[in-house]
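I have placed the structure first, in the form of C-alpha cells, so that the comments after it can refer back to it.
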Amino acid sequence: MTNNENSMRFLSACDELITGKFLVAENKIQKVLGLLAETPQVYALVAECMEHFNRDREMGKAFVQGSGGKFLCIMPDEEYKIIALVFCTLADINVGKINFMEFVKRFFSDEGDNPYKRFISQMIIPFRNLIAEAFGYPKIDLTPKAEQTERTDKEETQEKQPFYMDEEMANKILKFPTVRNLNRVDSVTGLEKLCIVCQRICGQMLDELESMRKDTHTEELLMICYALVMASADQDLDMLRGLTYGLKYASKGVKSIKYLVRELEENIERFINTLENHD
C-alpha cells in the first residue's frame, strides 16, 4: 500500500471519529491511533512535533480550571503543539489513563452546546486538518453554512449595539487609565518578544508549582500563572502587568518561584519604561 493510500485511510478514520457518535468514539480513537502508527509519513510528522513538546507542561496549560471554578480547554497557538497535544490526549484515552466520558464532560461542557461536539471542533478537527494540510490534502469544516451565517449576523448585531451604563453604576467602577498601555505599543517593537519571555517564565513557575499542588495556597498561584499565560497569548500588556503585581504579593513566602516572579516583573517594567521613553 502506498503512502498516499495509507494517508487517506488515516484521514478517513479521523473523519469517522469527527462525524461519529459519542458512544463509539473510543473505538474510533483506537482506529485513528492504529492507522497513525501504520502510516510512516504521518507517524514521522507526529514524532517530530513531539521532539520539542513538554508533555506535562503543555497538558497543564491546556486543561485548566478558571477562576470561577469552571474547567476549560485552551488549545495552544503553535501548530506543532496542537498535533502533539491531541496525540498525547488520544493516547491517554486509549490506554485508560484518561476517562473519556469524564474528560469530555469536564473540559468541554457549555450551555447550549454538546460537549462531544465541542471536543471534536476544538481538538480533533484542527488535528486532522493540520496533518491533512501538511501532505497536501484538503481541510474540512463541518460547521453548517446556516449556522455560520447565523453566528456572523449575531456577532455583527452585538457589535452595533452600544453598551449602556448609567452614571451611578459608572461611578462605582474603577477606571482603566485614560490611555491604556495596550494602545501605545503600535509604534514600538518588542511586545511579542516580551510575551514569549513571559510565557517561558510562567512555564517554569508552573513546573515548580505543580510539585506543590497539595497546598491550597499553591492552587491560587497556579490560577494566576494560567491567567498570565492567557494574557501573554492575547498580548495584553496591562493585564500582564496587573496579574504580575497580584502574583508578587500572593507568592510571598514561596521561595521556589521568588526569583522567577522577580524576573517576570523586571521584564514587564523594562518594557513599560521603553514605552514611556517613546511618548
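Looking only at region 224-279, residues that are surrounded by 14 or more Cβ atoms within 10 Å (Cβ to Cβ) and not in a helix (DSSP H, G or I) come to 4 in all.
Annotation note: of Cys14, Cys49, Cys88, the sole residue that is over 16 Å from Glu133 (Cα atoms), at pLDDT 90 or above, part of a helix (DSSP H, G or I) and not assigned by TED's automatic domain parsing to the domain that holds Ala233 is Cys88.
When region 52-66 is limited to residues that are touching a residue at least 40 places away in the same chain (Cβ under 8 Å) and assigned to a helix (DSSP H, G or I), the one that is surrounded by the fewest Cβ atoms within 10 Å (Cβ to Cβ) turns out to be Asp56.
Among residues of region 221-246 that are assigned by TED's automatic domain parsing to the domain that holds Cys73, none has a Cβ under 8 angstrom from a residue that is in a helix (DSSP H, G or I) and surrounded by fewer than 20 Cβ atoms within 10 Å (Cβ to Cβ) at a sequence gap of 6+ or on a separate chain. Could you count how many residues in region 15-35 are under 25 Å from the mean Cα position of the chain (by Cα) and among the aliphatic types (A, V, I, L, M)? Of the residues in region 15-35, 6 are under 25 Å from the mean Cα position of the chain (by Cα) and among the aliphatic types (A, V, I, L, M).
Selection over region 67-85 of residues that are in a loop (DSSP other than H, G, I, E, B) and of a type in the set (D, E, K, R) gives a count of 3. Which residues, counting only those in region 9-64, are under 27 Å from Pro115 (Cα atoms) and among the β-branched types (Val, Ile, Thr)? Matches in region 9-64: Ile18, Thr19, Val24, Ile29, Val32, Val46, Val64. Flag: Asn99 matches the condition of being in the same structural domain as Ile125 (by TED's automatic domain parsing) and surrounded by fewer than 16 Cβ atoms within 10 Å (Cβ to Cβ).
Table: residues versus (1) part of a helix (DSSP H, G or I); (2) at pLDDT 50 or above; (3) closer than 30 Å to Leu45 by Cα; (4) of a type outside the set (Ser, Thr, Tyr).
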position: Phe103; (1), (2), (3), (4): yes, yes, yes, yes
position: Ile120; (1), (2), (3), (4): yes, yes, yes, yes
position: Asp153; (1), (2), (3), (4): yes, yes, no, yes
position: Pro162; (1), (2), (3), (4): no, no, no, yes
position: Pro177; (1), (2), (3), (4): no, no, no, yes
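Screening the candidates Thr274, Thr244, Thr189, Thr218 for the property of being over 19 Å from the mean Cα position of the chain (by Cα) and at pLDDT 85 or above yields one hit, Thr244.
The values are calculated or read from the model by the stated rules, or taken from the named source; none is laboratory data. It should be emphasised that the depicted structure is a prediction, and the values quoted were computed from it without experimental measurement. No Cβ is skipped: glycine too gets one built from the backbone with ideal geometry, and neighbour counts run over all protein chains shown.
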